[in-house]
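The values are calculated or read from the model by the stated rules, or taken from the named source; none is laboratory data. Treat the numbers as computed from the prediction; the structure is a model and nothing was measured. Glycine also receives a Cβ, built like all others from the backbone with ideal geometry; neighbour counts cover every protein chain displayed. In case anyone asks, the SASA skips ligands and DNA or RNA and just uses the protein heavy atoms, side chains included. Shrake-Rupley method; radii C 1.70, N 1.55, O 1.52, S 1.80 Å.
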Amino acid sequence: MKSQLRELDIRRYLSRRKVVVDDYLDQFLPAEETHPPAVHQAMRYSVFAGGKRLRPILSLATGEALGGEFDRLIHLACALEMIHTYSLIHDDLPAMDNDDLRRGMPTLHRKFGEAIAILAGDGLLTLAFQVLAEIPGDRQSEGTRLRVIHRIARAVGTSGLIGGQVVDLTMEGKEFTPQDVEYIHSAKTGALLQTSVESAAILAQADEQARRSLAAFGGSIGLAFQVVDDILDVEGSRQELGKSSGKDEAGRKATYPALYGLEASRRIAEDLVEKAVGELGFLGAKAEILRQLARFITNRRF
Ligand code: GRG
């Protein structure tokens with residue numbers, strides 16, 4: 001009963017925060033009619049096609065638990081969602097996963113064509129760094145802003161997202177080891193989730209020990225998130241997920257269920273979340289939202 005109530009609470013929290021994040025995304029993104037409209041319409045189409053806004057919400061929740069300022073954190077939160085949306089757009093392209101459904105809507109290249117989809121993805125990635133460079137603050141906070149930008153660039157580049165995607169694509173149909181799968185998941189998916197937490201800690205000027213604990217928390221929930229995504233690809237329906245399912249097995253992708261089976265994968269995800277929650281002790285009651293967000297990751301159905 002208590003855990004059902006918690007689940008309801010966290011879902012309500014997520015939907016309230018999504019409204020706030022969407023409002024600011026709307027302000028940061030150029031209006032559809034801004035010249036040249038084709039690319040701005042496409043950027044807005046993908047950003048507002050749906051999405052749980054987990055990365056921005058994790059970022060806001062972390063920063064706020066540490067007493068960070070909302071006006072600064074919201075720049076970080078929206079930049080992370082722009083980067084995430086760019087990665088989804090490019091991942092769906094014919095040259096990559098060739099998907100026709102994302103967030104319950106036709107993928108961007110199906111709707112606007114491949115060239116505009118590539119450019120809209122590039123536009124979102126670039127705008128994200130502009131929005132980060134515009135984090136408000138006095139001269140003293142410039143160093144902090146630079147550290148945040150550097151941390152995010154590392155998570156998104158060849159040592160993170162792009163590196164993970166390259167190994168994922170090149171391993172398709174080949175024999176893979178547990179180390180391969182852990183690398184792919186941690187880099188492709190985990191890095192952005194981890195940096196959503198860690199960059200918020202940096203922006204809120206957490207001390208070194210707190211930053212490390214939060215980075216460990218983010219790393220574990222990031223990996224757990226992708227393990228659950230692998231499970232949902234086997235168990236979830238296209239309607240529930242708003243994207244195609246069953247593609248991992250068909251494409252002989254490197255996944256946790258392929259390595260360990262569904263039951264063991266579920267246990268791995270739960271253990272990762274418990275390990276993550278164990279890092280939050282220093283925050284006491286202030287970490288309650290982060291704890292619930294972490295548990296939502298293993299309980300989610302979409
Ligand atoms: C840079 C081309 C390129 C790719 C990088 C991150 C990535 C690699 C590709 C994105 C596609 C993908 C399957 C990523 C795995 C992470 C994942 C499960 C994304 C979906 O995240 P959710 O569930 O999506 O948070 P919503 O729609 O709710 O935002």
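Quickly run through segment 62-103 and pick out the residues that are within 15 Å of the ligand (Cβ to nearest atom) and under 22 Å from VAL148 (Cα atoms).
ALA77, CYS78, ALA79, LEU80, GLU81, MET82, ILE83, HIS84, THR85, TYR86, SER87
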- Query: Quick one: in segment 282-302, which of the residues that are without any contact (Cβ under 8 Å) to a residue 40 or more places away in the chain and open to solvent by 40 Å² or more (accessible area, probe 1.4 Å) is nearest to VAL234 (Cα to Cα)?
  - Reply: ARG291
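Rundown of residues vs (1) touching a helix residue (DSSP H, G or I) at 6+ places or on another chain (Cβ under 6 Å); (2) open to solvent by less than 40 Å² (accessible area, probe 1.4 Å); (3) among the aromatic types (Phe, Trp, Tyr); (4) within 17 Å of GLN165 (Cβ to Cβ), yes/no style:
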residue	(1), (2), (3), (4)
TYR86	yes, yes, yes, yes
HIS90	yes, yes, no, yes
LEU93	yes, yes, no, yes
ASP100	yes, no, no, no
HIS109	yes, yes, no, yes
PHE112	yes, no, yes, no
ALA115	no, no, no, no
LEU132	yes, yes, no, no
- Query: Counting only residues that are within 12 Å of the ligand (Cβ to nearest atom) and under 30 Å from SER199 (Cα atoms), which one in segment 240-264 is surrounded by the fewest Cβ atoms within 10 Å (Cβ to Cβ)?
  - Reply: GLY242
- Task: Pull up segment 24-53, narrow it to residues that are farther than 25 Å from PHE70 by Cα and of a type in the set (Val, Ile, Thr), then point me to the one that is nearest to the ligand (Cβ to nearest atom).
- Result: VAL39
- Output the helices (runs of 4 or more DSSP H) that fall wholly within segment 146-205 and possess 3 or more residues being within 16 Å of the ligand (Cβ to nearest atom) and open to solvent by 10 Å² or more (accessible area, probe 1.4 Å), or say none. 161-171, 178-185
- For residues in segment 195-233 being among the small types (Gly, Ala, Ser) and under 14 Å from the mean Cα position of the chain (by Cα), which is farthest from LEU73 (Cα to Cα)? ALA224
- A careful count of residues in segment 222-239 that are away from the ligand (no atom under 12 Å from the Cβ) and part of a helix (DSSP H, G or I) gives 4
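Considering each of ALA49, ALA38 in turn, give the residue that is closer than 24 Å to PHE112 by Cβ and in a loop (DSSP other than H, G, I, E, B). Spell out how you get there, then give the answer.
Details: ALA38 fails: in a loop (DSSP other than H, G, I, E, B).
None of the others qualify; the one that does is ALA49.
Among the residues of segment 128-145 satisfying the criterion of being among the aliphatic types (A, V, I, L, M) and out of contact with any Phe, Trp or Tyr (no Cβ under 7 Å at 6 or more places or on another chain), which is farthest from the ligand (Cβ to nearest atom)?
For segment 128-145, the residue satisfying everything is ILE135.
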- Would you mind telling me which numbered condition in (1) farther than 16 Å from SER186 by Cα; (2) of a type in the set (D, E, K, R); (3) without any contact (Cβ under 8 Å) to a residue 60 or more places away in the chain LYS243 fails? (3)
- Note on the structure: Residue hits (segment 32-53; under 18 Å from the mean Cα position of the chain (by Cα) and surrounded by 23 or more Cβ atoms within 10 Å (Cβ to Cβ)) are MET43, SER46, VAL47, ARG53
